[in-house]
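The values are calculated or read from the model by the stated rules, or taken from the named source; none is laboratory data. Bear in mind that the values here come from a model prediction, so they are computed numbers and not experimental data. All Cβ positions, glycine included, derive from the backbone under ideal geometry; neighbour counts span all protein chains shown. Note: accessible area is taken over every heavy atom of the protein model, side chains too, but ligands, DNA and RNA are not part of it. Shrake-Rupley method; radii C 1.70, N 1.55, O 1.52, S 1.80 Å.
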Amino acid sequence: DVYRAEFPLMTILQPGVINDEINTLVELAERSGRGYLERWEIMNAYSGCMDGDPGISVILDAYAKGIRNFDIQKAYAVCKQTATGTGAATNRPDNDFYLEHGYVPDQVSWTLDNSYYDWCVGRLAEYLGNNDDAKLFGARARNYRNIYDRQVGFMRAKDRSGRRLAWLGETEFGQGCTESNPLQQTWFVPHDIYGLIDLMGKDRFVATLEDMFETTPNTFGWNSYYNHSNEPVHHVPYLFVYAGQPWLTQKWVRRILEQAYHAEVNGICGNDDVGQMSAWYVMSALGFYPVCPGDNVYVLGSPLFHKAVIQLDPAWHKGKAFT
């Protein structure tokens, strides 16, 4: 989850750490003999835990921001293999099926993750002038559309035959959603929010978002609606901006800042997950958030301070401070 806000925050605070991390990720892919990016190493072993290819996002976000003291050709090669490999050449499940059919069987989360990370590979390809790859991965970035079910108005997994999984309602956990439900997972199209609005219809998009937040408990603890205690929804409060209603982003970001975090032992509403829960607070308190790491766009929210100054690393930044 740290690709969501913690690594983007560190590109401002400590770019050198991000650069070192990327060198490490690429070297791990090489030394392991696997050639692809792993998701979660713990105690010097790969856990195989969680979904997606967050290393690809981290590499793109850094490169897009000018953090480039690593071998980009090697980095691109491991990103591409991760996204296109099959069998033992990747840790994406059923990637051969995904590459042929445009969705991961029985999976909402993996299908949406693949769409975003394929977009990331495509953007890297653009930077490197690999036009054929950019076109190929740009097309795959739209695969999220393959699992949207207009009948229910949410993302809905398909089995291998193309049939939709049984619909248990948008708030029922599971149904191909990792640590989430269709209501929470449907919004994960960070690279094409305008496309998602077009798919859902603007009125439904806004109304569903509003209802999701209005139904959420005041503590923002574990729940079936806006579940801030788990990271898959962390970008969702900022989506109102894309639909032309920034005041609703401001309203809900400020409410989360004030009610989901406290200066005490149990001061966060969920597992910090290696820093993402805290990084959301830091960036949102400063007043901006990266909905789509890698696109160099920050969405404005509701800053807690009239003025904030970040001292910058002169080895990486031209200016001395970001105010």
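Taking only protein heavy atoms and a 1.4 Å probe, the accessible area of the stretch 22-80 is 49% carbon and sulfur. Computed on the stretch 1-82, with alpha-carbon pairs under 8 angstrom and 6+ residues apart, the relative contact order is 35 percent.
Across the stretch 92-136, no residue has a backbone nitrogen under 14 Å from the label position 7 Å along the beta-carbon direction of Ala166. Protein heavy-atom surface of the stretch 216-299, 1.4 angstrom probe: 54% of the accessible area is carbon and sulfur, with nucleic acids and ligands not counted. Separation of the alpha carbons by more than 21 angstrom is noted, of Lys65/Lys202; Lys74/Lys320; Lys65/Lys320; Lys202/Lys251, for Lys65/Lys202; Lys74/Lys320.
Please compute the length gained on full extension between Ala89 and Leu312, using 0.36 nm multiplied by the number of residues separating them and subtracting their Cα-Cα distance.
Details: separation 223, 0.36 × 223 = 80.28 nm, distance 3.95 nm.
Length gained, Ala89 through Leu312: 76.3 nm.
Ranked by the mean number of other Cβ atoms within 10 Å of their residues, highest first, the peptides 315-321, 300-306 fall in the order 300-306, 315-321.
Across the chain, the mean sequence separation of Cα contacts (distance under 8 Å, 6 or more residues apart), normalised by length, yields a relative contact order of 17 percent.
Decide, for the stretch 148-264, between rounded, prolate and oblate: order the square roots of the alpha carbon gyration tensor eigenvalues as a ≥ b ≥ c, take rounded if a/c falls under 1.5, and otherwise choose prolate if a/b is larger than b/c, else oblate. Because a/c hits 1.5 or more and a/b fails to exceed b/c, the stretch 148-264 counts as oblate. Packing, as the average of other Cβ atoms within 10 Å across residues, places the peptides 128-134, 100-106 in the order 100-106, 128-134, highest first. Take the Cα of Val274, step 7 Å toward its Cβ, do the same at Lys74, and the gap between the two points is 2.1 nm. Computed from these coordinates, which is mean projected area of the Cα convex hull in nm²: [x] 28.6; [y] 16.6; [z] 26.1? Checking each listed value against the structure points to [y]. Note on the chain: with a GNM built from Cα contacts shorter than 10 Å, the maximum mean-square fluctuation among Asp159, Asp61, Asp51 falls on Asp159. For the chain, modelled as a GNM whose springs connect Cα atoms under 10 angstrom apart, the maximal fluctuation among Val152, Val206, Val108 occurs at Val152.
Reducing the stretch 41-112 and the stretch 302-317 to their Cα centroids gives an inter-centroid distance of 31 Å. In the context of the full set of protein chains, the chain has a per residue accessible area of 44 Å² (1.4 Å probe). The GNM of the chain, with springs linking C-alpha atoms under 10 angstrom apart, assigns the highest mean-square fluctuation among Ile42, Ile256, Ile12 to Ile42. Taking only protein heavy atoms and a 1.4 Å probe, the accessible area of the stretch 134-211 is 44% carbon and sulfur.
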